[in-house]
Amino acid sequence: MAAAVPESPYALGRDPLETLRLEHQADELEAQTITLLDRAGFVSSGAAVDLGCGPAGALRLLSERVGSSGRVIGVDIDPVHVSQARVYVLGRGLTNVEVIEASASGTGLAAGAFDVVHARALLVNLPDPAAVVSEMARLAKPGGHVLVQEPDAGGRLCYPRCPAWDRLAELYVIAFQRDGADMCIGRRLPTLLRGADLDVLGVEVRADLTPPRHTRRTIFPDLARSLHPTIVALGLTDQAELDELDRSVRAHLDNPDVLVLPHLFFLAWAKTSPTSSRPQ
Ligand SMILES: C[S@@+](CC[C@H](N)C(=O)[O-])C[C@H]1O[C@@H](n2cnc3c(N)ncnc32)[C@H](O)[C@@H]1O
């Protein structure tokens, strides 16, 4: 009989390596987050919220943008990530940031209170992303920004092909999507935003190759490693095969001639109507 799937509110779990990956990710995705804030025309001041902030998320960036007179709320459902985010905030002296434990689909925060409502790599994990987008729309002030960045695994590419990569991808997809999450959520962002009565102002897709020595070169095997316990618990294979796949994929990626595109990343920015009145 397969072992129980490890309990965590987050599909990739909270193994220390996954936490470290999320901390690095906050730095790695900073440039595209700045792009998104700039595209949306969000300059400074006011209140911002980062849903599913993880151990760092966009908290520092938003803290800088709103300035000392503004405030930022980080929200995460996982108490371990909340504690880590609080340590991060304290360690960087981000005095205008508070982190709370709540579900992104029902934060309990006041309606219409935020100039910017942001989420990154959150919806991809969830079986009901529309519920979160609807909460994002509720939290934004009339005329406020709703900003979302989500990956889309449909564009994943490794060339020349590697059988171990293909096999790992097959296992990864089953395990990641076991509860109804959609790894190709990126392309759905405009539809999701419009479905929450938001005015979609722009959508952009990033297709960043990860050349040798790029910090995200091994993001796919790194993500897969966070899912190893789930893959084994689901009875899809054993740890020995996963270790071998991990070794083979990493060896393949060591070859500087191999081209790697781990996923596409969709950035979308929208606004609530300046006169919107939404349910409290
Ligand atoms: C892939 S991480 C992204 C972290 C951060 N946004 C970033 O881009 O670095 C997803 C985060 O969403 C959190 N999360 C998952 N489901 C959630 C939910 N329903 N409500 C709030 N947070 C959630 C997880 O605990 C995790 O910290």
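The values are calculated or read from the model by the stated rules, or taken from the named source; none is laboratory data. No experiment lies behind these values; they were computed from the predicted model shown. Don't worry about glycine lacking a Cβ; one is built from the backbone with ideal geometry, like all the others, and counts go over all protein chains shown. With ligands, DNA and RNA removed, areas are computed over all heavy atoms of the protein, side chains included. Shrake-Rupley method; radii C 1.70, N 1.55, O 1.52, S 1.80 Å.
Picking from residues in region 224-235 that are in contact (Cβ under 8 Å) with a residue 24 or more places away in the chain and closer than 11 Å to residue 246 by Cα, the one that is surrounded by the most Cβ atoms within 10 Å (Cβ to Cβ) is 224. List the residue pairs whose Cβ atoms are under 8 Å apart, where the first residue sits in region 121-138 and is within 19 Å of residue 151 (Cβ to Cβ), the second is open to solvent by 10 Å² or more (accessible area, probe 1.4 Å) and in a helix (DSSP H, G or I), and the two are 6 or more positions apart or on different chains. Taking only residues 6 or more apart or on different chains, the pairs are 121/25; 123/192; 129/188; 129/192; 130/192; 130/195; 133/192; 133/195.
Table: residues versus (1) hydroxyl-bearing (Ser, Thr, Tyr); (2) open to solvent by 10 Å² or more (accessible area, probe 1.4 Å); (3) within 14 Å of the ligand (Cβ to nearest atom).
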residue: 102; (1), (2), (3): no, yes, yes
residue: 109; (1), (2), (3): no, yes, yes
residue: 113; (1), (2), (3): no, yes, no
residue: 117; (1), (2), (3): no, no, yes
residue: 122; (1), (2), (3): no, yes, yes
residue: 131; (1), (2), (3): no, yes, yes
residue: 137; (1), (2), (3): no, no, no
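Residue 71 fulfils the conditions (1) open to solvent by 60 Å² or more (accessible area, probe 1.4 Å); (2) more than 14 Å from residue 114 (Cβ to Cβ) except for a single criterion, (2).
Among the numbered conditions (1) at pLDDT below 95; (2) in a helix (DSSP H, G or I); (3) in contact with a helix residue (DSSP H, G or I) (Cβ under 7 Å, 6 or more places away or on another chain); (4) not charged (D, E, K, R), the only one that residue 24 does not meet is (3). Against the test of being assigned to a loop (DSSP other than H, G, I, E, B), open to solvent by 10 Å² or more (accessible area, probe 1.4 Å) and of a type outside the set (S, T, N, Q), the options 142, 151, 211, 190 yield a single qualifying residue, 211. The requirement of being within 16 Å of the ligand (Cβ to nearest atom), outside any strand (DSSP E or B) and not polar (S, T, N, Q) is not satisfied by residue 72. Hey, any hits in region 242-258 for a residue that's in contact with a strand residue (DSSP E or B) (Cβ under 9 Å, 6 or more places away or on another chain), open to solvent by 70 Å² or more (accessible area, probe 1.4 Å) and touching a residue at least 24 places away in the same chain (Cβ under 8 Å)? Within region 242-258, none of the residues are in contact with a strand residue (DSSP E or B) (Cβ under 9 Å, 6 or more places away or on another chain), open to solvent by 70 Å² or more (accessible area, probe 1.4 Å) and touching a residue at least 24 places away in the same chain (Cβ under 8 Å). Scanning region 84-113 for residues that are within 18 Å of the chain's Cα centre (by Cα) and more than 21 Å from residue 127 (Cβ to Cβ) yields 84, 85, 88, 99, 100.
Residues in region 157-177 include none that are of a type in the set (Lys, Arg), under 19 Å from residue 122 (Cβ atoms) and open to solvent by 10 Å² or more (accessible area, probe 1.4 Å).
Within region 31-44, can one find any residue that is β-branched (Val, Ile, Thr), near the ligand (Cβ under 9 Å from one of its atoms) and modelled with pLDDT of 75 or more? Checked region 31-44: at least one residue is β-branched (Val, Ile, Thr), near the ligand (Cβ under 9 Å from one of its atoms) and modelled with pLDDT of 75 or more.
Pick from 63, 83: which is part of a helix (DSSP H, G or I), crowded, with 20+ Cβ neighbours inside 10 Å, more than 8 Å from the ligand (Cβ to nearest atom) and of a type outside the set (A, V, I, L, M, F, W, C)? Answer to the check: 63. Evaluate region 239-254: report whether one residue or more is on the phi < 0 side of the Ramachandran plot and outside any helix (DSSP H, G or I). Taking every residue of region 239-254 in turn, none turns out to be on the phi < 0 side of the Ramachandran plot and outside any helix (DSSP H, G or I).
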